[in-house]
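Asks: Let me give you the structure first, and then I'll get to my questions.
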Amino acid sequence: MKIEQLQSELIEYAKSIGVDKIGFTHASPFHEMKNRLKRQQQLGYQSGFEESDIEKRTEPLLLLDSAESIISIALAYPSKMEDAPTGKKGARRGIFARASWGVDYHVAVRERLKLLEEWLRERVQHVQTKSMVDTGELVDRAVAERAGIGWSGKNCSIITPEFGSYVYLGEMITNIPFKPDTPMEDECGECRLCLDVCPTGALIEGGQLNSQRCVAFLTQTKDFLPDEFRKELGNRIYGCDTCQTVCPKNKGKSNWIHDEFKPDPELAKPLLQPLLQMSNKEFKSKFGYMSGSWRGKKPIQRNAIIALAHFKEQSAIPDLIAIMNKDERPVMRGTAAWAIGKIGGPHAEEALRKAKAVEKDEEVLREIDKGLKLLIS
């Protein structure tokens, strides 16, 4: 079978299995991305979650020595929620970012890539492939940009004409020399809304991201959240969508396409207080199928405490006092102490002073002192 026919049939098959966009590019190095990553490393902007070897991230031949081309795929996910519950006093709610609504996208995209690999194996002798999603070596965005899926926006997301930036990306390196697609022209123009509204200034001019300041990254950390970011967290318990929701290219893009990505409103916007006492087993049972569960319950619970402080939710004080006094995890005890001071109320000072008299951990003691200062500020 000729390459052109194979490529055409592969595109049709991809559509039939729920791939919303597919593009092709050559397997040569990503020189511009390599320079960007080196700069990011020098500036200390990396999150620590990504592959640390920049050569592997930008040299496809290091990952598959017979590489000729790379197939990039995109799956659209919803930007809106039907019947979204509303939080209220005594029943405050947090929010998972849209990329964590529905089934874990790593699973969904990998399933499509696996089907594409099987389809190629049935038709091409000695075909070689290597697929990856998000946690793989290659930079999904760089591949998608060069394969014509969309352009790389100032918000560091791939923006597609059809679905905006609400797309999951994955790619497959192969030894088949497919015809490369043409990259798209950047359509951001002079717009800088995402840069201007980023809560922590994590987006740098030219589409550079300081991951260490990005709220989406911060919600996934497990240590104490630095003071300067606590206010900016709001009620976010996983991820951040601000730079996407303000993007004009996302206006009117609902993307209600795949049932597997449609959110359960009670999980995408969960009640905060029940999260505080949830066991590991309960957490995995309830949230385990979502991508936002990958770091376990600790960051979610810490963020839920901060969100309750954001709302100054008085009904949470008994739960927070119990965490401050009994939780084995210093981060939880300390964050709860800070939150008690932030919320205030008739029992706050007494509870904090009692905790201070028996607490041994230095970091927790500092958080208790922060809580006491908040009561008198």
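The values are calculated or read from the model by the stated rules, or taken from the named source; none is laboratory data. Everything numeric in this text was worked out from a predicted model, so none of it was measured. Ideal geometry is used to build each Cβ from the backbone, glycine not excepted, and the neighbour counts take in all protein chains shown.
Yes or no, residue by residue, for (1) part of a strand (DSSP E or B); (2) farther than 15 Å from Asn250 by Cα:
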site	(1), (2)
Cys156	no, no
Ile173	yes, yes
Phe178	no, yes
Asp196	no, yes
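Asks: Among the residues of region 223-282, which ones are of a type in the set (Lys, Arg) and under 17 Å from the mean Cα position of the chain (by Cα)?
Replies: Once the filter is applied, which keeps residues that are of a type in the set (Lys, Arg) and under 17 Å from the mean Cα position of the chain (by Cα), region 223-282 yields Arg236, Lys262, Lys269.
Asks: Would you mind listing the helices (runs of 4 or more DSSP H) fully within region 1-107 where at least 2 residues are among the basic types (Lys, Arg)?
Replies: Per the criteria, 31-43, 54-58.
Asks: So, in region 333-372, of the ones that are farther than 14 Å from Lys312 by Cβ and under 29 Å from the mean Cα position of the chain (by Cα), which residue ends up surrounded by the fewest Cβ atoms within 10 Å (Cβ to Cβ)?
Replies: Going through the qualifying residues, I end up with Glu363.
Asks: Please go through region 108-137 and pick out each residue that is on the phi < 0 side of the Ramachandran plot, out of contact with any strand residue (DSSP E or B) (no Cβ under 6 Å at 6 or more places or on another chain) and assigned to a loop (DSSP other than H, G, I, E, B).
Replies: Val124, Gln125, Val127, Gln128, Thr135, Gly136, Glu137
Asks: All but one of (1) surrounded by 20 or more Cβ atoms within 10 Å (Cβ to Cβ); (2) closer than 18 Å to Phe311 by Cβ; (3) hydrophobic (A, V, I, L, M, F, W, C) hold for Leu375, so report the exception by its number.
Replies: Of the numbered conditions (1) surrounded by 20 or more Cβ atoms within 10 Å (Cβ to Cβ); (2) closer than 18 Å to Phe311 by Cβ; (3) hydrophobic (A, V, I, L, M, F, W, C), the odd one out for Leu375 is (1).
Asks: In addition: When region 289-317 is examined, which residues are found to be within 20 Å of the chain's Cα centre (by Cα) and of a type in the set (D, E, K, R)?
Replies: Of everything in region 289-317, those that are within 20 Å of the chain's Cα centre (by Cα) and of a type in the set (D, E, K, R) turn out to be Arg295, Lys297, Lys298, Arg302.
Asks: Continuing with the same structure: Please specify each residue of region 117-167 satisfying the condition of being out of contact with any Asp or Glu (no Cβ under 7 Å at 6 or more places or on another chain) and of a type in the set (Asp, Glu).
Replies: Glu117, Glu118, Glu122, Glu145, Glu162
Asks: Kindly indicate the residue of region 43-61 that is surrounded by fewer than 20 Cβ atoms within 10 Å (Cβ to Cβ) and over 23 Å from the mean Cα position of the chain (by Cα) and also farthest from Thr129 (Cα to Cα) among those meeting that condition.
Replies: Glu55
Asks: Quick one: which of Ile22, Ile11 is surrounded by fewer than 19 Cβ atoms within 10 Å (Cβ to Cβ), of a type in the set (Val, Ile, Thr) and modelled with pLDDT of 95 or more?
Replies: Ile11
Asks: Of the residues that make up region 255-270, is at least one surrounded by fewer than 21 Cβ atoms within 10 Å (Cβ to Cβ), modelled with pLDDT under 95 and not in a strand (DSSP E or B)?
Replies: Scanning region 255-270, I find no residue that is surrounded by fewer than 21 Cβ atoms within 10 Å (Cβ to Cβ), modelled with pLDDT under 95 and not in a strand (DSSP E or B), so the answer is no.
Asks: Could you grab me the full set of residues in region 288-304 that are under 16 Å from Val103 (Cα atoms), hydrophobic (A, V, I, L, M, F, W, C) and surrounded by 20 or more Cβ atoms within 10 Å (Cβ to Cβ)?
Replies: Within region 288-304, just Met290 meets the criteria.
Asks: Test each condition in (1) farther than 30 Å from Pro299 by Cβ; (2) buried (at least 17 other Cβ atoms within 10 Å of the Cβ); (3) out of contact with any Phe, Trp or Tyr (no Cβ under 9 Å at 6 or more places or on another chain) for Arg93 and report the one that comes out false.
Replies: Unmet for Arg93, out of (1) farther than 30 Å from Pro299 by Cβ; (2) buried (at least 17 other Cβ atoms within 10 Å of the Cβ); (3) out of contact with any Phe, Trp or Tyr (no Cβ under 9 Å at 6 or more places or on another chain): (1).
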